[in-house]
Amino acid sequence: MATEGFYPGDEPREQRQWQIIDALRRYGTDSTRLAHAFADQHSLRPADLFALVAIMSAEGSGVPLTPGQLRAHLRLSSAGTSYLIDRLESSGHVRRSREDTDDNRKVRLRYTENGMRTALAFFGPLGESTAGVLDRFDPAELDVIARFTTAIAQAMNTHVEQL
């Protein structure tokens, strides 16, 4: 089996890069396992969970998603997206919100209080332990970590979008 270029060489820099890449790979795998556990516990489908994460991220950044943006993000049909949003709305996770006083047709997707409580009950302990890990780094190190994680997340997103 040819492994040239797959495993690191003997150089310290290659060894450190391998360590980082391997940790990211394991993090991604465990993240997927965690997502499946949450979905199973709450009778959600994988696309439902991906939608919930996208809705949470957008709302957290101050720009809630529209159904059309969610459709593009998930690469679903309009009908499939409507069905997914209906499921999430009827299960109490999200709500459609019409906040634009000038155009009542504009819909934004927002978490409900119940949806937030459900997510916090499951993911809260992980958030606390993650905050504990980050507390061990000084502000300059956090700047580097933030720059790295943002860049690596963008690289992953670019790769996924090209598939």
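The numbers here are math on the coordinates, done by the rules we state, and not lab data. Because the structure is predicted, anything quoted here is derived from the model rather than measured. Every residue, glycine among them, receives a Cβ derived from its backbone with ideal geometry; neighbour counts consider all protein chains shown.
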Dipole of the chain [Lys/Arg +1, Asp/Glu -1 at C-beta], most positive-end residue of 90, 28, 124:
90
Tell me the volume per residue, in Å³, of the convex hull enclosing the alpha carbons of the range 16-91.
109
Rounded to the nearest 10 degrees, what's the angle between the helix 46-60 long axis and the longest principal axis of the chain, both from Cα atoms, 0 to 90?
90
Relative to the chain, whose Cα atoms define the longest principal axis, helix 139-162 and its Cα axis are tilted in degrees, nearest 10, by 70
So the angle from the long Cα axis of helix 12-41 to the longest Cα principal axis of the chain, reported in degrees to the nearest 10, equals 30
Here the convex hull volume per residue of the chain, taken over Cα atoms and given in Å³, is 173
Relative contact order of the range 1-86, please, whole-number percent, based on alpha carbon pairs below 8 angstrom and at least 6 residues apart.
15
Longest the chain segment clear of GluC sites (Glu not before Pro) sitting in DSSP loops (not H, G, I, E or B) with at most 14 other Cβ atoms within 10 Å runs 5-98
